[in-house]
Every structure is written in structure tokens, then in C-alpha cells.
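The values are calculated or read from the model by the stated rules, or taken from the named source; none is laboratory data. All values reported here derive from a predicted model rather than from experimental measurement. Positions of Cβ are backbone-derived with ideal geometry, glycine not excepted, and every protein chain shown enters the neighbour counts. To get the accessible areas, we keep the full protein, side chains included, count just its heavy atoms, and leave off ligands, DNA and RNA. Shrake-Rupley method; radii C 1.70, N 1.55, O 1.52, S 1.80 Å.
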Amino acid sequence: MVYTESSECMPKTVSDVDVSLPIPNEMDDYQWLTADVERILCMEGGEGDVSYARNSEAPASAIALSKPFLRRAIQFMPLFPSESSLRIADLGCATGTNTISTTDFVVEKLKRKYQTNSLSFPEFEAFFSDLPSNDFNTLFRSLPPLKESVRRKNRATLKGKKRCYYAAGVPGSFYDRLFPRGKLHIVTSLSALHWMSQIPESVVDKNSPAYNRGRAWIDGAPKEVVEAYARQSEEDLKSFLRCRAEEMASGALLFLLLAGRPDSKQPQNQLGDPVTRAKHPFTDCMDNAWNDLLNEGLIDEETRDSFNIPAYMRSREEIRQAFDECKAFEVKCIEFRRLMEHSKIKQEQCLRDPFSYAKTKANLVRATMRPIILAHLRSSSLTDALFNRFEKRAAQDETLLDKICYYGIIIVYAIRK
């Protein structure tokens, strides 16, 4: 890693380096990141301008699009009249209101289903799960109070929104077991399962043909790089399904919403069309921002080349194959949809104010990727410099502002056999 004396981004004090992050014995050895994604991958916490809580509009739009599918999926699952409580788990919950609104939706639909069948509905338990690095404090502060608080049961009715479930946090990777055997009745994972458990070791090995030189992600990368990602993604999804098969009761519902690609596109074409490829935050603006730091002498080539985004957009066929091999679920739906980057109203705002658009785009990337970039660069000043270059690049390319970018999503629901 290279810093210049004149650089405004050079760490001035020891406090500029986040010593809470895992630091390798040799500073130039970046293979440590492949095994530590679980420790460093998280959405930006808190409630500030660059937090995930304030920059999760795209996931919220995807979740809104998936709500009719979730409503239909709940109709497929059986009732559990002998259970005193139903247990719901959201895996990859992050920190925003998306996970809470989804849990509220699930509980409400379950209550209606019990009432429609002339049954008293049980109590509900909701487990919010994410990696230990997740900002659970912000999430818990967002939870509304219980509908019937034990402390206030003899007082006047509480004002405002209430929740009808008991809540708990469960830290850990959803590629491992998280719950006791056969206990869960509904499992959701929304806009999370495209994140990988680790970067393939060959991708950061300078002596490997899969070394991902000159780019931060795999769209358009050489086949060796893409194949390494695809193998890791396949292994991850199989692990996820094996763990859920152990934890879910017979008849339980598994509902997944994840970034995906059309079946017609090969893995090296993760994004579908040229406009989306050019505008997607993982591609041109990201690569150019890293190159800016390199050209300004703030980092060296190895620092640039060894950073890789741990995400993979699967096809429906790849997902279906994993379910077929697992054999524990009856798949009811695997649907691909395209989602616009933002509304037509916001599109018009972008054309009027490119700098505002660039800031919004940069904040989205900060919210989802700042923790892993900080872990890689080990400097908050240098990390902020990267995002400043990203924002500048996004504002400069005015030829793309009137173009529409689409995100591919895949919706899956299945019943535990």
C-alpha cells in the first residue's frame, strides 16, 4: 500500500487506522480477506446520511415487488394448530426498516390465515439474524413496542404502531446452522443471499490464472475468475439449503429474494444489458475510482487488484439445481423479475441535478460496502477518498443519466418436505 506525503488521504495518526479489524501478519498478504468476509461484511450501521438505514431504497423496492409472492407463498404452507407459537426467522436482516416491515407483513398474513380457518392464532416469535458485525443496536431501536407490554398492561393503551411478536437477534452466518433442529416455521432471506461466504482464494492469488487483476468484480472478467466465483456460489447455496433443511419443521415455508441474472446470460454477464453494466455501482465507477487512487499514487496495484466484491448473481437454473440436489424442499416458485434503478420522477431529478444523483449513488455504495473497503484499505481517510472519486466519476458521465438501469432479482419460495 502506497501513500504520498502530500496526500490529504494519508493517515495522520494511528487512530485513522481501524485497529478493531483483523490485521494480517504481513500487510501485503491480502489472502487473509478471503477467510474473514464473515467478520467484515456488513451494511453500514447507525442512522446517519450514509447508513444502510437511510440508503436501502433499492432493496425496499425489491421487497415491495416480492410482497404478492410472499402473500401467495403463505397460502401454500399448512397451519400448525398444535404449536403454541410460530417461529419466523429473517436471515441477513441488516439494520433498516425493511426486515421489520416484512416480519409485520408475515405475522399479519398468518393471523388472517388462522382466522379464516376459524382457529385461534398462536403467539409469534421473530428472529432477526445477520453476521456478528451487523449493527443490531440500530435495528432493535427501530422495533416498535409490544402490543401488550407486560410493564404497561394495566395502563392506558399505548399510542402508535405496535408489534405482535416477540423479537430476538441471532448473530451468525446463514451458511452455517443458526437454530435448533426442526424449530422454524417461516424463513425469509431478502436481498442477502447473493453475498458470498468468502472470496475464492484463487481470485486473490497472484500466481493463479483466476487472479482478478484490474477490476473489483466479475462482470466481464476472464472465465477463470468467473468460474471460481460460480463454484463458491454453488457451494454457498448448497450449504444454506442444508442448514435450513435441518432447522425447519415439516411444512415450513422458505422464502428467498436475491439478486439474479436472466437464464439466457452466462455467469460472466452478471448484469444483462450494456446500460446496466455501465451504470451498476459494482462496475465502471467502482473500477475507475480504484484506478484514480492508483494513478494518484495513493495505493499500489496489488491493493487495487486484491480487492474483490463478494457477490454473485445466480440464474434460476443454478438455484433450481441446488434445490434438486438438496431434496428437502418442494419448490413452488422460482421467478425472475427486472427492477428499475429508481422511479421516473427520480430519473427526471437526476437529469436536472447530476451531482445529487452521484451523491445518492455513492451513498448507496457506502451503505453496502464501506465496512469491507475499510477493512481492505485499513484507513478511513483513504476509504473516504475512494468514495469521493466514485461520486465524482458518477457525476461526470452525463451521457448515462437518461438511460435506465435495471436490477435483476429472483424470487423463490418452497415448502419443507
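Each residue of the range 259-265 is assigned a 3J(HN,Hα), and the resulting list reads 5, x, 10, x, 4, 6, 9 Hz, derived from the Karplus form 6.51 cos²θ - 1.76 cosθ + 1.60 (θ = phi - 60°), x at Gly and Pro.
Distance between the modelled labels on R112 and F355, one decimal in nanometres: 4.7 nm (7 Å Cα→Cβ projection). Full extension of the chain segment joining T97 with Y166 gains 23.2 nm, where the gain is 0.36 nm per residue of separation less the Cα-Cα distance. Taking only the C-alpha atoms of the range 166-322, the Rg (one decimal) and the largest Cα-Cα distance, Dmax (whole number), read 17.9, 58 Å. The range 175-225: D in µm²/s via Stokes-Einstein (Kirkwood Rh, Cα pairs, 37 °C, 0.692 mPa s)? The Stokes-Einstein estimate is 234 µm²/s.
For I404, I186, the ranking by accessible surface with the largest value first comes to I404, I186, using a 1.4 Å probe. Test of understanding: extend the Cα→C-beta vector of E234 to 7 Å, then name every residue of the range 284-317 with backbone N under 16 Å from that spot. 312-317, by backbone N distance to the label point.
Around the amide H of F329, modelled in the peptide plane, lie the amide H atoms of K417, all under 5 Å away and 5 or more residues distant in sequence or on another chain. Taking Lys and Arg as +1 and Asp and Glu as -1, the other residues whose beta-carbon sits under 12 Å from that of P180 total +2. Between the amide H of L131 and those of G172, distances stay under 5 Å, these residues lying 5 or more places away or on another chain, with hydrogens modeled in the peptide plane. Kindly list the residues of the range 381-406 that lie in the label zone of K265, defined by a backbone N under 13 Å from the point 7 Å along the Cα-to-C-beta vector. Correct set: 405-406. Rolling a 1.4 Å probe over the protein heavy atoms leaves L131 with an accessible area of roughly 20 Å².
Label separation (F140 vs Q321): 4.2 nm, computed from points 7 Å beyond Cα along the C-beta direction.
If the viscosity is 1.306 mPa s and the temperature 10 °C, what Stokes-Einstein diffusion coefficient in µm²/s follows for the range 352-409 when Rh is the Kirkwood radius over Cα pairs? Calculated translational D: 128 µm²/s. With the cut-off at 23 Å, tell me which of the pairs K67/K161; K67/K361; K332/K417; K279/K359 have Cα atoms farther apart than that. Exceeds cut-off: K67/K361. Counted residue by residue at 0.36 nm each, then reduced by the alpha carbon distance between them, the extension gain from F336 to R71 reaches 93.7 nm.
Amide H to amide H, with H built 1.01 Å from N, A126 comes under 5 Å of I88, Y166, A167, A168, counting only residues 5 or more places away or on other chains. The order of K183, K161 by accessible area, most exposed first and with a 1.4 Å probe, is K161, K183.
Going by Cα centres, the range 215-250 and the range 378-414 are how many Å apart? Centre-to-centre (Cα) distance: 23 Å.
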